[in-house]
Amino acid sequence: MVFVKTHDISELNAELIGKEVVLGGWIEDLRKLGKMAFITLRDVSGISQVIVKGELNDNLGEINRQSVVSIRGIVQETKARDFAFEIKAEEIEILGKAIHPLPVDPIGRLESNIDTRLNHRALDMRNQKTASIFKLRHHVLQILRKTLSEKKFIEITTPKIIGSASEGGADLFSLDYFGKTAYLAQSPQLYKEQMTIGLERVFEISNFYRAENSHTGRHLTEFTSVDIEAAFMDYEDVMNVLESLVVTVYKEIAENCKKEQEAIEHTIQVPTAPFERITYTQCVEELKKTGEKVDFGDDLLDSHLRIIGKTHPGFFFLIDWPMKLKPFYIREKDEDPALSRSFDLQYGFLELSSGGTRLHNPEILKNRLKEQGLDPSQFADHIKTFDWGMPPHSGWGMGLDRLMTTLIGIDNVREVVLYPRDPDRLSP
């Protein structure tokens, strides 16, 4: 008989003393002392001590740690230092036996490298440090959705199987789609722009795909992106939205997730707003002063951004990039057409977000596509929406996985993604 769980461990309180409860979880520790046994039972909410006596102890047999059990017992006070209450077991049922030894130690007494942990990710989730990272990710997602909704953005869900490239370029995964060539979406860019026609302000939080053969701690082939697009906003406006969003995430997590911060051994520091804003031109000048050979119009390499990141630690906006370095849909600055109304949000050398003001004139958009060697006919479905009255609009996309690394103070996005995908990892 499987007992029906009546309480999470975190729900045990003084009012339940003397009352019967049914708990379910896994055995984190087991100590047998003569006619008694002490079980440390853990569920997703916390840990409790279970006292097993008499015949029940005699019949306990060999239970390996990490086995899943259901325990019916009486709540009582405890003298144990690490527990607020304990359970006097009346009945125990083994629901799922764990092998010994396990491929990774969920308690963390024996450390495993990240590849080993990823290969056994479900078991790794019993490690409280790992579990806390994903609890924090859950809270971050809640904050993002709540905050954007309060700013009058409407959540949308766009296709991930598409018939043409969202942004051009070669980093596309292609697939056979009933005899046609289809692609996995790099971003929701074109769809979210189209949605501003009727919904004005939209956002999406979803997975996207880039066929980049990169082997760094910040690149994945499947990643979670937070995207917004807003009608009647310029790039300065959506920068302010982004800045506000990041600060809100940090502030609410810092204030409301103390337990998780303790588990990951990292105290979250809320960044100060407004974030510094430096132009691409200023950046080039700073690099030249350090002896770097870089000219206006050159793309900034990782080595360049690492130099800039040392001078500008923390969050800052890198704005007004040359038009030649930006996608076809970005609009130029009226006072200097060589520059774009665009920005990147940086955390030191790490790029977190890219955005800007978009073109909303279809004829200019067609010319821009041609200038970048793209065929306007391949974007016909997108361009035709501009003839229906496209409002001026701006937006950005931000890597959630990268934001999580800045929040919890680590440098490998694989730590914050359940089952990461990169050029070398396709399972589990």
With the first residue restricted to region 98-123 and required to be more than 24 Å from Asp422 (Cβ to Cβ), and the second required to be at pLDDT 95 or above and among the small types (Gly, Ala, Ser), Cβ contacts under 9 Å at 6 or more apart or on different chains are Ala98/Ser67
Within region 386-428, residues in a loop (DSSP other than H, G, I, E, B) and under 18 Å from Arg331 (Cα atoms) come out as Gly389, Met390, Pro391, Pro392
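Report yes if some residue within region 216-232 is part of a loop (DSSP other than H, G, I, E, B) and on the phi > 0 side of the Ramachandran plot; otherwise report no.
Within region 216-232, one or more residues are part of a loop (DSSP other than H, G, I, E, B) and on the phi > 0 side of the Ramachandran plot.
When the residues of region 229-246 are narrowed to those that are out of contact with any Ser or Thr (no Cβ under 7 Å at 6 or more places or on another chain) and buried (at least 18 other Cβ atoms within 10 Å of the Cβ), which ends up nearest to Phe153 (Cα to Cα)?
For region 229-246, the residue satisfying everything is Val241.
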Exception for Val75 within (1) in contact with a helix residue (DSSP H, G or I) (Cβ under 7 Å, 6 or more places away or on another chain); (2) under 26 Å from Glu262 (Cα atoms) falls at (2)
Exactly one of Leu118, Leu141, Leu102, Leu148 is touching a helix residue (DSSP H, G or I) at 6+ places or on another chain (Cβ under 9 Å) and within 30 Å of Phe3 (Cβ to Cβ), and that one is Leu102
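Okay, residues lined up against (1) farther than 30 Å from Phe379 by Cβ; (2) in contact (Cβ under 8 Å) with a residue 24 or more places away in the chain:
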| site | (1), (2) |
| --- | --- |
| Glu285 | yes, no |
| Gly297 | no, yes |
| His304 | yes, no |
| Lys310 | yes, yes |
| Ile330 | no, yes |
Has region 288-303 got any residue that is under 30 Å from Met390 (Cβ atoms), modelled with pLDDT of 95 or more and among the aliphatic types (A, V, I, L, M)?
no
Turns out the helices (runs of 4 or more DSSP H) fully within region 298-385 with at least 1 residues that are buried (at least 19 other Cβ atoms within 10 Å of the Cβ), touching a helix residue (DSSP H, G or I) at 6+ places or on another chain (Cβ under 8 Å) and hydrophobic (A, V, I, L, M, F, W, C) are 302-311, 362-371
Selection from region 247-268 of residues of a type in the set (S, T, N, Q), farther than 21 Å from Arg126 by Cβ and surrounded by 11 or more Cβ atoms within 10 Å (Cβ to Cβ) yields Thr248, Asn256
Within region 264-282, identify whether any single residue is within 19 Å of the chain's Cα centre (by Cα) and either more than 18 Å from Thr405 (Cβ to Cβ) or of a type in the set (S, T, N, Q) (or both), and answer yes or no.
-> yes
When restricted to Phe173, Phe153, Phe134, the only residue more than 21 Å from the chain's Cα centre (by Cα) and of a type in the set (Phe, Trp, Tyr) is Phe173
Taking region 1-37 and keeping residues open to solvent by less than 70 Å² (accessible area, probe 1.4 Å) and farther than 19 Å from Asn64 by Cα leaves Phe3, His7, Asp8, Ile9, Leu12, Asn13, Ala14, Leu16, Ile17, Gly18, Val21, Val22
Within region 208-223, residues in contact with a strand residue (DSSP E or B) (Cβ under 6 Å, 6 or more places away or on another chain) and surrounded by fewer than 19 Cβ atoms within 10 Å (Cβ to Cβ) come out as Glu222
Turns out the strands (runs of 3 or more DSSP E) fully within region 1-91 with at least 2 residues that are polar (S, T, N, Q) and within 25 Å of Gln128 (Cα to Cα) are 46-53
Among helices (runs of 4 or more DSSP H) entirely inside region 101-204, those with 1 or more residues being modelled with pLDDT of 95 or more, open to solvent by 30 Å² or more (accessible area, probe 1.4 Å) and within 17 Å of Gly397 (Cα to Cα) are 128-150, 189-195
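The values are calculated or read from the model by the stated rules, or taken from the named source; none is laboratory data. Because the structure is a prediction, the values reported are computed rather than measured. Every residue, glycine among them, receives a Cβ derived from its backbone with ideal geometry; neighbour counts consider all protein chains shown. Just so you know, the surface numbers come from the protein's heavy atoms only, side chains and all, with ligands and any DNA or RNA stripped out. Shrake-Rupley method; radii C 1.70, N 1.55, O 1.52, S 1.80 Å.
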